[in-house]
Amino acid sequence: MARGGDGLQVLSALDAAKTQWYHFTAIIVAGMGFFTDAYDLFCISLVTKLLGRIYYTDTSKDSPGSLPPNVAAAVNGVAFCGTLAGQLFFGWLGDKLGRKSVYGMTLMVMVICSVASGLSFGHTPTGVMATLCFFRFWLGFGIGGDYPLSATIMSEYANKRTRGAFIAAVFAMQGFGILAGGIVTLVISAAFRAAYPSPAYRDDHFTSTVPQADFVWRVILMLGAAPALLTYYWRMKMPETARYTALVAKNAKQAAADMSKVLHTEILDEQEKLDGMVAAEGANSFGLFSREFARRHGLHLVGTATTWFLLDIAFYSQNLFQKDIFTSINWIPKANTMSALEEVYRISRAQTLIALCGTVPGYWFTVALIDVVGRFAIQLLGFFMMTVFMLGLAIPYHHWTTPGNHIGFVVMYAFTFFFANFGPNSTTFIVPAEIFPARLRSTCHGISAASGKAGAIIGAFGFLYAAQNQDKSKTDAGYPAGIGVRNSLFVLAASNMLGFVLTFLVPESKGKSLEEMSGEAEDSEEEPVGARAVRPSETQMV
C-alpha cells in the first residue's frame with residue numbers, strides 16, 4: 001500500500017482484514033478447482049497400464065500389452081500441452097476481461113472434457129487413443145486457466161499478513177486431488193476385481209483382461225467432472241476482486257460496494273480519488289513488453305519462470321512414472337503375474353500411499369509456515385532437500401533394488417515429494433501472484449506457470465525414454481535403450497540444484513502488500529509532493 005496512507009480505503013481494508021469466513025470460502029472455491037486439476041492430470045498415470053492391456057495385448061506373447069512409446073507419450077503428455085496453452089491464454093484473458101468472468105469458462109471446459117475423455121470412442125485402438133488425446137488436450141486447456149486465475153483471485157482477496165498461507169491452501173488442494181485419484185482408482189478397481197475375478201496373464205492370456213475392464217478407466221476419468229461441476233455455482237457467486245475492479249477496470253464505486261458486502265463493513269466510495277490517480281498515471285502505465293517492465297520485473301519473471309520449469313521436470317516425471325519406478329524396484333510384481341484389474345489396484349495403492357505419506361503433508365507444512373519462515377527460505381530448503389534425496393536414491397540405487405530394501409527406497413522417494421511440496425512446488429505457484437502489477441498479474445503468473453508446464457512436458461516425454469534400461473534387450477516393448485532409472489535420478493538431482501541457484505532471482509514477499517511488491521511505491525516517493533497527494537503507490541497497476 002502507499003506509505004503515506006493515501007491509498008484507496010477498499011485496498012487498505014483488504015490488506016488489514018482479519019481472517020474471516022469469506023477467506024475460507026475463497027480458499028474452498030478456488031481450491032476445488034485445483035483438486036479437480038490434480039485429479040484429472042494424474043489419474044491418467046494410474047490407468048495407462050490398463051489401456052495397454054485392453055487395446056495392445058498380443059495373446060501370443062508372454063507379456064501383456066503396453067502402450068506403444070508414441071501413444072504412451074501422447075496420452076501422458078498431451079494434457080500438459082493443453083495446460084501450457086491454457087495458462088498463457090487464460091492468464092492474458094484474466095487481465096483483459098476480469099478474473100471472475102474467465103473463471104467460469106475454465107470450469108465448464110474442464111467439466112465437458114472430463115466427461116468426453118471417458119466417452120472416447122473408436123473402432124480401433126488408434127481411434128480410441130486419438131479421441132482420448134484430443135479431449136485430454138482440451139481438458140488441459142481448461143485446467144491451465146485455473147492456475148493464474150485461482151492464484152490471482154486468492155492473492156487479491158487475502159490480507160497481507162496471511163496471504164501466503166491462503167494461496168498455499170488453495171494449491172494444497174492439489175495434494176488431495178492426487179490422493180483422491182489414487183483412492184477412487186483403488187475403490188473402482190477393487191470393486192470390479194471382486195465382481196469379475198480373472199487369472200494372472202501367465203495363467204491365461206485370454207481371460208486375464210475381462211471385457212468390463214474397459215469401463216474402469218472410463219469411469220475414473222469421468223469422475224473428474226464431479227468436483228468441478230459442484231463448485232461452478234459458488235464460483236459464479238464470488239464478486240470480482242476489488243483490485244481488478246478498482247485498479248484495472250477503474251471502478252472504485254463497484255469495488256467498494258463488493259467489498260462492503262464481503263467484509264461486512266462500510267467502505268467509502270472513492271471514485272473521485274481514483275480518477276485523480278488515473279489522471280496522474282504517467283510512467284506506471286508500462287506494458288509487459290516495455291523496457292520499464294524489463295527493468296523493474298524482468299529478472300523476477302525470469303526467476304519465477306525458470307524455477308517453476310526446473311521444479312516441474314522433477315515433480316511430474318516422478319509423479320507420472322512412479323508406477324514404473326515401483327516396478328523397477330520390484331515393489332509392484334511383474335505384469336504377467338497379475339490380471340489387468342489386479343495391476344491397476346496395486347499401482348493405485350502405491351500412489352495413494354506415497355500421496356498420503358509424502359505429498360499431502362508437504363503442502364500443509366507450507367500452509368503453516370510460509371508466513372512465518374517466508375517464501376524464499378522454503379523454496380531454497382525444498383530444492384536443496386530434493387537434491388539430497390534424489391542423490392540418496394541414485395548413488396546406492398542397486399542397494400535399493402535388492403530384496404528387503406524396497407521399503408527404504410519408498411521412504412526416501414516419499415521424502416522427495418514431501419520437500420517438493422514443502423518447497424518449490426508450492427512457492428513457485430504463490431510468488432508470481434504477489435510480485436507483479438495488478439494489470440499484468442494474471443498474465444505473468446500464466447507465463448510462469450506455462451514455463452512450469454514446459455518442464456512437465458520434458459518430464460513426461462523425456463523420462464519415459466530416459467528411464468528405460470541401458471540394455472536394449474531389457475527395455476519396454478518398442479522403446480530404445482535409455483540411460484536407466486539411476487542415471488535419470490542423477491539428471492533430476494542436477495535440475496533441482498540449478499533451481500536452488502535460480503531461486504536467488506526471486507524476491508521475498510512475506511508481510512508486504514501487493515502494491516509494495518509491484519515496486520510502484522518507490523516511484524510515488526520520488527515524485528513531487530503535489531503529485532504524491534493524488535497518486536498513491538498502488539494505483540498505477542492499470
Looking for whichever is in contact with a Pro (Cβ under 7 Å, 6 or more places away or on another chain) and hydrophobic (A, V, I, L, M, F, W, C) here; the options are V302, V248, V262. Which one fits? V262
Would you mind finding the one in G408, G452, G392 that is surrounded by 24 or more Cβ atoms within 10 Å (Cβ to Cβ), among the small types (G, A, S) and touching a Phe, Trp or Tyr at 6+ places or on another chain (Cβ under 9 Å)? G452
Looking at the stretch 42-54, I want the residues that are assigned to a helix (DSSP H, G or I) and have a partner that is buried (at least 24 other Cβ atoms within 10 Å of the Cβ) and acidic (D, E) with Cβ atoms under 9 Å, at least 6 apart or on another chain. Which pairs are those? K49/E343; L50/E343; R53/E343
Return the only residue of G86, G104, G122, G142 being surrounded by fewer than 24 Cβ atoms within 10 Å (Cβ to Cβ) and either among the hydroxyl-bearing types (S, T, Y) or closer than 30 Å to P68 by Cβ (or both). G122
Only unsatisfied item for G484, checking (1) over 17 Å from L41 (Cβ atoms); (2) touching an Asp or Glu at 6+ places or on another chain (Cβ under 8 Å); (3) open to solvent by less than 30 Å² (accessible area, probe 1.4 Å); (4) of a type in the set (G, A, S), is (2)
Here are L179, L186: which of them is part of a helix (DSSP H, G or I), touching a Lys or Arg at 6+ places or on another chain (Cβ under 9 Å) and modelled with pLDDT of 90 or more? L186
Listed by range, helices (runs of 4 or more DSSP H) wholly within the stretch 439-530 having at least 3 residues that are modelled with pLDDT of 80 or more are 484-502, 514-517
With respect to G94, is the statement that it is at pLDDT below 90 and open to solvent by less than 30 Å² (accessible area, probe 1.4 Å) true? no
First in the stretch 423-452 and in contact (Cβ under 8 Å) with a residue 40 or more places away in the chain, second anywhere and of a type in the set (G, A, S) and not in a helix (DSSP H, G or I), Cβ under 8 Å, 6 or more apart: V431/S509; E434/S509; I435/S509; I435/S518; F436/S518; P437/S518; A438/S518; L440/G287
Of the listed residues (V115, V75, V128, V71), the one being out of contact with any Ser or Thr (no Cβ under 7 Å at 6 or more places or on another chain) and open to solvent by less than 40 Å² (accessible area, probe 1.4 Å) is V71
Just for the stretch 162-195: of the residues that are of a type in the set (A, V, I, L, M) and under 23 Å from K510 (Cα atoms), which one is most open to solvent (accessible area, probe 1.4 Å)? M173
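The values are calculated or read from the model by the stated rules, or taken from the named source; none is laboratory data. This one's a predicted model, so the numbers in the text were calculated from it and none came from an experiment. Backbone-built Cβ (ideal geometry, glycine too); neighbour counts: all protein chains shown. What goes into the accessible areas is simple: the full protein's heavy atoms, side chains included, and nothing from ligands, DNA or RNA. Shrake-Rupley method; radii C 1.70, N 1.55, O 1.52, S 1.80 Å.
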